[in-house]
Amino acid sequence: MNLPKISTQKDYEKAYLYSLENPESFWASIAEHFVWKRKWDSVLEYNWLKPETKWFEGGKLNITENCLDRHLKTKGDQVAIIWEPNDPKDEALHITYKELHRRVSKFANVLKSYNVEKGDRVCIYMPMILELTVAVLACARIGAVHSVVFAGFSSKALAARINDASCKLLLTTDGSYRGNKITPLKDIADEALKFCPTIEKTIVYKRTGQDVNWGGNDVWWHEAIKNADDFCKAEVMEAEDMLFILYTSGSTGKPKGMVHTCGGYMVYTAYTFQNVFQYEEGDVYWCSADIGWITGHSYIVYGPLSSGATTVMFEGVPSYPDYGRFWGICEKHKVNQFYTAPTAIRALAKHPIDLVNKHDLSQLKTLGTVGEPINEEAWRWYNKHVGKGNCPIVDTWWQTETGGILISSLAGVTRQKKTYATLPMIGVSPILLDNKGGEIKTKEAEGILAIKQPWPSIARTIYGNHKRYKDVYFTAYEGLYFPGDGALRDENGNYRITGRVDDVVIVSGHNLGTAPIENAINEHEAVVESAVVGFQHDVKGNALYAYVILYDRFDASENLLQTIRNKVTETIGPIAKPDKIQFVSSLPKTRSGKIMRRILRKIATNEISNLGDTSTLLNPDVVQEIIDKRL
Ligand code: WTA
């Protein structure tokens with residue numbers, strides 16, 4: 001399905017102005033290209049003081065009819081998904097739209113047979129196998145709300161997410177393959193389910209064939225689908241009905257279940273997919289993200305499939321069997337658009353260049369990055385060795401909360417500038433604010449990023465906690481959306497994202513709140529208190545530095561360090577493990593008892609010459625002690 005394409009810088013400028021002045025007629029003209037069961041009554045209703053945002057109200061649709069059914073006539077035999085297994089010696093799958101439609105319908109009927117109804121929440125804790133996409137779409141088919149939990153999360157993190165959304169069903173696998181590692185997902189799920197009273201059934205896909213414990217509420221996927229029908233009528237959804245919940249870290253407290261709805265999300269992800277990557281009919285597109293994150297939701301599943309594209313899913317890791325795997329896959333499947341994270345680029349750039357050069361990458365047209373600012377060195381390497389100087393690089397800035405890309409160049413259409421995300425997407429109105437919340441009107445500026453008016457795929461709320469949604473995103477600057485990032489703007493209006501302005505640290509492209517990590521460390525019996533901050537890291541972008549106070553009766557040993565790390569792995573997952581843990585006698589605090597993370601951040605990055613005024617601290621002496629023993 002081809003949406004109107006922006007194909008020159010002039011086109012962009014014209015459409016951009018039009019979209020901000022006439023958002024309703026602009027987005028209606030895009031939405032018209034989709035299949036609706038009933039047309040909307042109003043395009044946009046919003047009030048960000050409340051806050052409330054509604055797109056295409058009165059419209060009825062099912063997103064899977066747009067991702068599947070509508071393509072059957074014209075491209076039923078076209079490949080929808082190329083699935084590349086962990087082990088390159090195993091066979092890749094080429095699943096046509098017809099076949100995907102059949103598998104989704106079948107599994108949707110399975111969900112129904114276990115009494116899953118419209119609005120019920122289904123938790124999906126699965127690795128990157130084809131059935132993960134089938135599961136996601138099967139939920140959407142019957143109007144169930146999917147909540148995908150990244151398969152690298154621990155049992156505690158999984159349980160917290162299941163309980164937050166009171167999920168009825170859990171979908172998982174016996175185990176998962178990632179490189180040489182086999183993770184026993186079913187065991188982890190079993191552990192989580194001890195604390196999840198709302199789960200009625202667990203459907204388990206057999207991937208690794210390892211032994212698993214079997215309970216009365218467990219069902220094998222292959223048995224469940226045996227007698228299921230191939231046809232499943234799509235549930236009629238309101239444009240503003242919930243499509244999915246996806247958790248993201250907050251700077252405080254428990255993870256936030258961001259709620260995305262059907263209509264606006266569909267329109268915006270397809271539109272940005274086609275325009276940012278300049279996807280053309282017949283191209284093969286690959287996004288190397290995991291569907292456990294928003295990038296996978298929007299730009300592996302929904303954006304590409306609603307566009308009728310061919311999208312690659314990769315089960316494994318970039319380092320297996322060697323550090324040339326990504327390029328091997330690009331060659332093997334003749335990938336035209338490749339989308340990955342700066343941290344992956346930095347990790348791969350450390351290895352012999354022959355691992356890139358031995359692969360034929362001549363079919364690549366567009367490269368993309370997402371997840372964190374891309375540094376100049378990584379940008380140059382990506383451009384020179386992967387793109388051979390011929391592929392535009394789109395540096396896409398966006399968030400779980402925004403649903404789709406908000407700032408990026410359009411590949412080969414608008415001008416790129418290395419390390420800059422560049423210009424806002426059509427319909428997106430970024431501004432920069434000073435410390436007092438006033439808009440900085442000069443062209444060249446640095447400040448706090450905010451967005452002035454709604455775009456169709458903004459998350460509508462935090463599941464079960466609209467007040468927190470308001471507090472986090474709409475309270476700092478009244479009437480504006482506050483993403484939590486800082487940015488620079490050059491004289492041509494290009495934006496460069498400079499990083500988080502809150503207590504979220506982006507480690508290897510993963511969003512990690514420091515508060516939940518501190519909570520995990522504090523759960524250790526030896527720990528009195530801790531503070532976690534980010535510091536710059538060559539490959540990961542940022543890594544975590546933990547300052548920990550121990551009870552007197554415990555000695556700072558290597559073994560103790562390991563058990564503290566394990567605590568974090570158990571509570572959140574391995575991605576949240578601190579790289580450095582320093583034992584301290586106390587933490588610098590204000591007189592009101594607040595930990596001065598600003599100072600700890602500077603010490604962690606070795607910027608100790610300018611710590612600012614420390615004299616008003618409750619305990620100024622501890623600063624020198626921490627500096628002397630820094631790691
Ligand atoms: C950061 C990922 C700079 C940013 C889609 C944002 C980026 C957070 C970029 C959201 C980029 C994402 N340049 N920073 N191109 N893309 N970020 O929710 O700090 O996992 O707020 O969504 O990642 O991370 P999330």
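The values are calculated or read from the model by the stated rules, or taken from the named source; none is laboratory data. Fair warning: this is a prediction, and the values are worked out from it, not measured in the lab. Every residue, glycine among them, receives a Cβ derived from its backbone with ideal geometry; neighbour counts consider all protein chains shown.
For the range 409-430, the candidate set comprises residues that are at positive phi and part of a loop (DSSP other than H, G, I, E, B); within that set, the residue that is nearest to the ligand (Cβ to nearest atom) is Thr419.
The single condition among (1) more than 27 Å from Val259 (Cα to Cα); (2) within 14 Å of the ligand (Cβ to nearest atom) that Leu406 does not meet is (1).
This table checks each residue for (1) in contact with a Lys or Arg (Cβ under 7 Å, 6 or more places away or on another chain); (2) surrounded by fewer than 20 Cβ atoms within 10 Å (Cβ to Cβ); (3) of a type in the set (Lys, Arg).
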| residue | (1), (2), (3) |
| --- | --- |
| Tyr420 | yes, no, no |
| Leu423 | no, no, no |
| Pro430 | no, no, no |
| Glu444 | yes, yes, no |
| Ala450 | no, no, no |
| His466 | no, yes, no |
| Gly479 | no, yes, no |
| Arg489 | yes, no, yes |
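Restricting attention to the range 567-585 and to residues that are assigned to a loop (DSSP other than H, G, I, E, B) and out of contact with any strand residue (DSSP E or B) (no Cβ under 6 Å at 6 or more places or on another chain), the residue that is surrounded by the most Cβ atoms within 10 Å (Cβ to Cβ) turns out to be Ile572. Taking the numbered list (1) within 16 Å of the ligand (Cβ to nearest atom); (2) under 30 Å from Pro574 (Cβ atoms); (3) not charged (D, E, K, R) in turn, Ala531 passes all entries but (1).
Can you name every one of the helices (runs of 4 or more DSSP H) wholly within the range 8-119 that holds 3 or more residues which are within 30 Å of Asn227 (Cβ to Cβ) and among the polar types (S, T, N, Q)?
Numbers: elements: 9-21, 23-31, 70-75, 97-113.
Once the helices (runs of 4 or more DSSP H) in the range 8-119 are filtered for at least 3 residues that are within 30 Å of Asn227 (Cβ to Cβ) and among the polar types (S, T, N, Q), what remains is 97-113.
Within the range 600-618, the set of residues being at pLDDT 90 or above and crowded, with 16+ Cβ neighbours inside 10 Å comprises Leu600, Arg601, Lys602, Ile603, Ala604. Summed over the range 354-385, residues that are out of contact with any helix residue (DSSP H, G or I) (no Cβ under 6 Å at 6 or more places or on another chain) and over 29 Å from Thr248 (Cβ atoms) total 11.
Taking residues in the range 155-172 that are under 15 Å from Lys256 (Cα atoms), and partners anywhere that are of a type in the set (Val, Ile, Thr) and surrounded by fewer than 24 Cβ atoms within 10 Å (Cβ to Cβ), the pairs with Cβ atoms closer than 6 Å and at least 6 places apart or on different chains are Ser166/Thr198. Do we find that Ser457 is within 16 Å of the ligand (Cβ to nearest atom), within 20 Å of the chain's Cα centre (by Cα) and within 30 Å of Ile30 (Cα to Cα) in this structure? Yes, satisfied.
Just to be sure before I move on: is Ile497 within 23 Å of the chain's Cα centre (by Cα), in a helix (DSSP H, G or I) and in contact (Cβ under 8 Å) with a residue 60 or more places away in the chain in the structure I sent? In short, no. Residues that are modelled with pLDDT of 95 or more, small (Gly, Ala, Ser) and touching a helix residue (DSSP H, G or I) at 6+ places or on another chain (Cβ under 9 Å) number at least 1 in the following strands (runs of 3 or more DSSP E) confined to the range 185-265: 256-261. Residues in the range 397-408 that are among the aliphatic types (A, V, I, L, M) and part of a loop (DSSP other than H, G, I, E, B) were compared, and the one that is surrounded by the fewest Cβ atoms within 10 Å (Cβ to Cβ) is Leu406. Within the range 322-364, if we keep just the residues that are of a type in the set (S, T, N, Q) and more than 23 Å from the chain's Cα centre (by Cα), the residue that is farthest from Gly296 (Cα to Cα) turns out to be Asn357.
Assessment of the range 388-396 against the conditions (assigned to a helix (DSSP H, G or I), within 16 Å of the ligand (Cβ to nearest atom) and either of a type in the set (Ser, Thr, Tyr) or in contact (Cβ under 8 Å) with a residue 24 or more places away in the chain (or both)) yields no matching residue. Number of residues in the range 480-524 that are touching an Asp or Glu at 6+ places or on another chain (Cβ under 6 Å), near the ligand (Cβ under 9 Å from one of its atoms) and among the β-branched types (Val, Ile, Thr) equals 2.
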